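The values are calculated or read from the model by the stated rules, or taken from the named source; none is laboratory data. Given the structure is predicted, the values throughout are model-derived calculations rather than measurements. So basically every Cβ, Gly included, is an ideal-geometry build from the backbone, and we count neighbours across all protein chains shown. Accessible surface is based on the protein model in full, side chains and every heavy atom, while ligands, DNA and RNA are left aside. Shrake-Rupley method; radii C 1.70, N 1.55, O 1.52, S 1.80 Å.
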Amino acid sequence: MTLSPDARRILLVQALRAFVYGLGSVLIGVTLADLGLSGVQVGLVLGALVAGAALVSIVLARLGDTLGRRRWYVALLATMAVAGTVFALTGSVWLLVIAALTGTVSTEVVESGPFTSLEQAMLPNAAEGRDPTPLFGIYNTIATLAGSLGALAAIGTRFVEVEPQRFLLAYPVAAVAAIAVARRLSAAVESRAAGASQPRRPLANSRGVVARLSGLFALDSFGGGFVTQAFLAYWFTERWGTSPATLGVVFFAIGFLQAGSFQLAVRLSGRIGLLNTMVFTHLPSNLLLAFIPFAPSQATAIALVFGRFALSQMDVPTRQAYLVAVVDPDERTAAAAYTNTARYVVRPLGPLLSGPIIAVSLGAPFVIAGAIKSVYDLGLYSLFRHVEIGPSQENRRATRPSSDSRS
């Protein structure tokens, strides 16, 4: 598809951000270990990273469109530069916690805090009246690939005689470059509420839809927390004695499977609709997830993991496109921020609960996660199969019946 100048700018900012987030996903953990922090202190910093994403997203939901999306975008990038510098230069736990609470030093390359909420709201405008679903597919593909390159770059830092912590200065470098790009965004990405003398409520017409989607997305995120990538590595090591080298290859391959699945999801949604693509790919992936602990061999388990990840992320671009389609265009920032916050808030609960469960059954978290996430899929389909999509999708389907409006 032909990309507008605004779309190219948002995607470039996303690539810069995802690269350093991929780098940070490795180096932040290494840095905390090298600083000799206690388990409680490490938990405090990592918890602040998640809490910061949720807190700033709530603020963004309330004020994002009132103050303007571009202003928030630049302000968040400037904050990222400062917070990243703190992580690169200090060993003070409290300074690290404060920097983490800004919500801008993420280790997630896809759906990474308040930035994602803003970009999710701006991308439909940047699509210039066309269906934004392909743009969401490109957006998430770039995030995955750039994040994978960042993680690989982190591995290379061990061959340089510089403390790994200092490489986190990549955060402010990327942020400054991203600011130069973000400042060139046009007014077209703004909501009509930006700069209004009498600000409207962040959510009015879309309140009910956002409330239901927030609850469902929270359930999905809660289930996913039982089987994080860290747990997956732990399970393979405990169950099969899998080597770190093998796990590295597996996780690298997973990244490319996810990137490919984003593009496949875009094509599939054009045939069967956004909602159907979300549910009918996500539900089988959850069944594969539940079967992993019953695999008779390591090779079979890896095959199930590949099958699961080839399907599980197909709902990401379609979910983002579906959300902006079913809410009022002027309420997209708040809708994205609130639904993303719901995901961030419950995300840590799964790992906390899986600890005692592992003591009873090593494979139980897979089954629990698959069951909870399947309930999410069925609930989503049940509640939204009769909901019609909004005008952002009308251009693509103006000449034929909409599969989403029937679903």
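What are the residues in segment 229-259 that are open to solvent by less than 50 Å² (accessible area, probe 1.4 Å) and under 16 Å from the mean Cα position of the chain (by Cα), if any? Correct list: I254, G255, Q258, A259. Restricting to segment 1-37, name every residue that is over 30 Å from E163 (Cα atoms), assigned to a helix (DSSP H, G or I) and open to solvent by 40 Å² or more (accessible area, probe 1.4 Å). Correct list: P5, R8, R9. Selection of segment 105-123 for residues being open to solvent by less than 10 Å² (accessible area, probe 1.4 Å) and under 20 Å from T318 (Cα atoms) yields S112, G113, P114, F115, T116, S117, L118, E119, Q120, A121, M122, L123.
Looking at segment 291-310, can you tell me whether even one residue there is over 23 Å from V210 (Cβ atoms), open to solvent by less than 10 Å² (accessible area, probe 1.4 Å), touching a Phe, Trp or Tyr at 6+ places or on another chain (Cβ under 6 Å) and modelled with pLDDT of 90 or more?
We begin by selecting, within segment 291-310, every residue over 23 Å from V210 (Cβ atoms); these are 291-310.
Retained after the next criterion (residues that are open to solvent by less than 10 Å² (accessible area, probe 1.4 Å)): 292, 295, 301, 305.
Now drop any that are not touching a Phe, Trp or Tyr at 6+ places or on another chain (Cβ under 6 Å), which leaves 292.
Narrowing further to those that are modelled with pLDDT of 90 or more: 292.
Yes, segment 291-310 has at least one match.
Within segment 335-353, residues that are open to solvent by 10 Å² or more (accessible area, probe 1.4 Å) have Cβ atoms under 8 Å from residues that are of a type in the set (F, W, Y) in these pairs: A342/F217; R343/F217; V346/F222; R347/F222; L349/F222; P351/F226; P351/F231; L353/F226, counting only partners at least 6 apart in sequence or on another chain. Please indicate, with yes or no, whether at least one residue in segment 102-120 is without any contact (Cβ under 8 Å) to a residue 40 or more places away in the chain and in contact with a helix residue (DSSP H, G or I) (Cβ under 6 Å, 6 or more places away or on another chain). The answer is no, given that none of the residues of segment 102-120 is without any contact (Cβ under 8 Å) to a residue 40 or more places away in the chain and in contact with a helix residue (DSSP H, G or I) (Cβ under 6 Å, 6 or more places away or on another chain). Condition check for A187 on (1) among the small types (G, A, S); (2) open to solvent by less than 30 Å² (accessible area, probe 1.4 Å); (3) at pLDDT 85 or above: one failure, at (2). Please determine whether any residue of segment 63-70 is open to solvent by 50 Å² or more (accessible area, probe 1.4 Å) and under 21 Å from Y139 (Cα atoms). Yes, the conditions are met somewhere in segment 63-70.
One residue stands out among those in segment 164-178 that are in contact with a helix residue (DSSP H, G or I) (Cβ under 7 Å, 6 or more places away or on another chain) and either open to solvent by 70 Å² or more (accessible area, probe 1.4 Å) or not in a helix (DSSP H, G or I) (or both): the one that is nearest to R8 (Cα to Cα), which is V176.
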